[in-house]
Structure formats: structure tokens, C-alpha cells
1. Any residue in region 67-82 that is surrounded by 21 or more Cβ atoms within 10 Å (Cβ to Cβ) sitting within a Cβ distance under 6 Å of a residue that is among the charged types (D, E, K, R)? List the pairs, counting only those 6 or more apart or interchain.
2. Any chance region 180-199 includes a residue that's among the β-branched types (Val, Ile, Thr) and without any contact (Cβ under 8 Å) to a residue 12 or more places away in the chain?
3. Just the residues that are touching a strand residue (DSSP E or B) at 6+ places or on another chain (Cβ under 9 Å), more than 23 Å from residue 194 (Cβ to Cβ) and in a helix (DSSP H, G or I), please, taken from region 155-182.
4. Among 103, 85, which is the only one that is touching a Ser or Thr at 6+ places or on another chain (Cβ under 9 Å), crowded, with 17+ Cβ neighbours inside 10 Å and modelled with pLDDT of 95 or more?
5. Give region 1-57 a look and list any residue that's in a loop (DSSP other than H, G, I, E, B), of a type outside the set (Val, Ile, Thr) and in contact (Cβ under 8 Å) with a residue 60 or more places away in the chain, or say none.
6. Against the condition in contact with an Asp or Glu (Cβ under 6 Å, 6 or more places away or on another chain) and at negative phi, how does residue 8 come out, does it pass?
7. Residue 148 is checked against (1) over 30 Å from residue 57 (Cβ atoms); (2) under 17 Å from the mean Cα position of the chain (by Cα); (3) surrounded by fewer than 17 Cβ atoms within 10 Å (Cβ to Cβ) and fails just one. What number does that condition carry?
8. Quick one: residue 191 ticks every box in (1) over 16 Å from the mean Cα position of the chain (by Cα); (2) modelled with pLDDT of 95 or more; (3) not in a strand (DSSP E or B) except a single one, so which number is it?
Amino acid sequence: MTNSIGEAARKIATDGTTIVAVNPEHGPASIQGPQDGEDALPGLFETFEKELASGHNYDAVIIACFDDTGLPELKSRISIPVLGVGEAAFHAATMLGSTFSVVTTLAVSIPVIEENITAYGFDSHCSKVRASGVAVLELEEDGSSDEDILTEAKKAIRDDNCDVIILGCAGMADLAANMTGSLGRPVIDGVGAAVVMCEGLVRLESFK
């Protein structure tokens, strides 16, 4: 999945932007709910420090988990932009419409996403956070889960009266374009949103 996320990021990045996709060597196989997020932190912090010491001279960092795992801690450790894909998706959605609904993986992920929405100040824009019933690692299988995600997105449009759909998992990154066409309204992938925002932030003089 890390490789797939890296490829999705490269597709939207502009010429001259290099994407390095890395995954912690230790921790849960996927992050679904608060316990997985907590268990992922040691490996995440270890990887963060290792990459910073690698000499790559990164211009920005993206946490490619929709739960924005460890994001506040990592923001405090470095002066370059550090964005979470959830954070980026919420900002992008409010630029495209008044309200959004999130379609995520399993129900266990909903409370964490709702807490982040509140912490970031997007409560008034969020219609609902919905679970598709698709586990994170199922997204890497044969594409059979795509229809379940699309079905939940259609329910969100019908029942939530939302202007924008947000895909609530980095593993859904390659679904946004097709779903936008199918649904007839914006579908936001947090990976793409984070890449575009990081590129813009890096161009600002305040980060040079």
C-alpha cells in the first residue's frame, strides 16, 4: 500500500517534485482505530527521525494515514511543512463546497476522524463520517471493494446533502478521479490534496 500511495502522489506532483514513500519497519499492518494509531507511533517517530538524518533534505512531510497519526507531535519537531492527508482533505473540501461527508473504511475509524474534524475546526462543514465496511488492507486486493465505497458515497450524497465527498483512507487515493465522474461532484483524495498543498507551501518565502 505504501508503494501504491507513493505512485498516486507522483501522478499529481508537478515536474521537479520528488516523492519518497516510506513505511515504518515496526507497528500494525494497517491503522484502523485508536489502538492501531497508538501502536503505530513508535515506528512512525523512529522512521521520521531516520529520514531526517538521511541527508535527503526534504522540503515537506506528509503523514499518509487519514487518521493523521502522530501529526501534532511531528509538526512540533521540524520547521518545514508537515501535513496529514486527513487535514489536507478537510481544507480542500471546504474550498470546493460548504459541506462534506467522509467515506472511510471500518466503523472503528469513525471516532478518530470525528475527533480530528472537531480539533481542526471543521465541525460546521462536516455532514457525516461514514464507514464503507471495507478493511484497509482489502483496498490492495482486486478492486472488488471499489463498489462498496462508491455505494456509500452515493448514500452520503442522497442522505447527507453534502457538497463534497472525502475518501477517508490513503489507500483509496486512486479512486477519486473515477468517482468524481460517477457522482457528478467533487471527490477529494487526501494524498493528492496534501501533495498539492505541500508544493504550494514550499513555494512560500516563509518556508525557504
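1. 68/87; 82/75
2. Scanning region 180-199 turns up at least one residue that is among the β-branched types (Val, Ile, Thr) and without any contact (Cβ under 8 Å) to a residue 12 or more places away in the chain.
3. If the condition is that a residue be touching a strand residue (DSSP E or B) at 6+ places or on another chain (Cβ under 9 Å), more than 23 Å from residue 194 (Cβ to Cβ) and in a helix (DSSP H, G or I), then 155, 157, 159, 160 are the ones that fit.
4. That would be 103, the only listed residue that is touching a Ser or Thr at 6+ places or on another chain (Cβ under 9 Å), crowded, with 17+ Cβ neighbours inside 10 Å and modelled with pLDDT of 95 or more.
5. As a first pass, look at region 1-57 and keep what is in a loop (DSSP other than H, G, I, E, B): 1, 13-33, 53-57.
Still in the running and of a type outside the set (Val, Ile, Thr): 1, 13, 15-16, 21, 23-30, 32-33, 53-57.
1, 13, 29, 30, 32, 33 - these are the residues of region 1-57 that are in a loop (DSSP other than H, G, I, E, B), of a type outside the set (Val, Ile, Thr) and in contact (Cβ under 8 Å) with a residue 60 or more places away in the chain.
6. Values: in contact with an Asp or Glu (Cβ under 6 Å, 6 or more places away or on another chain): yes; at negative phi: yes.
Spelling it out, residue 8 is indeed in contact with an Asp or Glu (Cβ under 6 Å, 6 or more places away or on another chain) and at negative phi.
7. So the condition that residue 148 fails would be (2).
8. Single failed check for residue 191: (1).
The values are calculated or read from the model by the stated rules, or taken from the named source; none is laboratory data. These numbers were taken from a predicted model, which means no experiment stands behind them. All Cβ positions, even for glycine, are placed from backbone atoms using ideal geometry, and neighbour counts span all protein chains on display.
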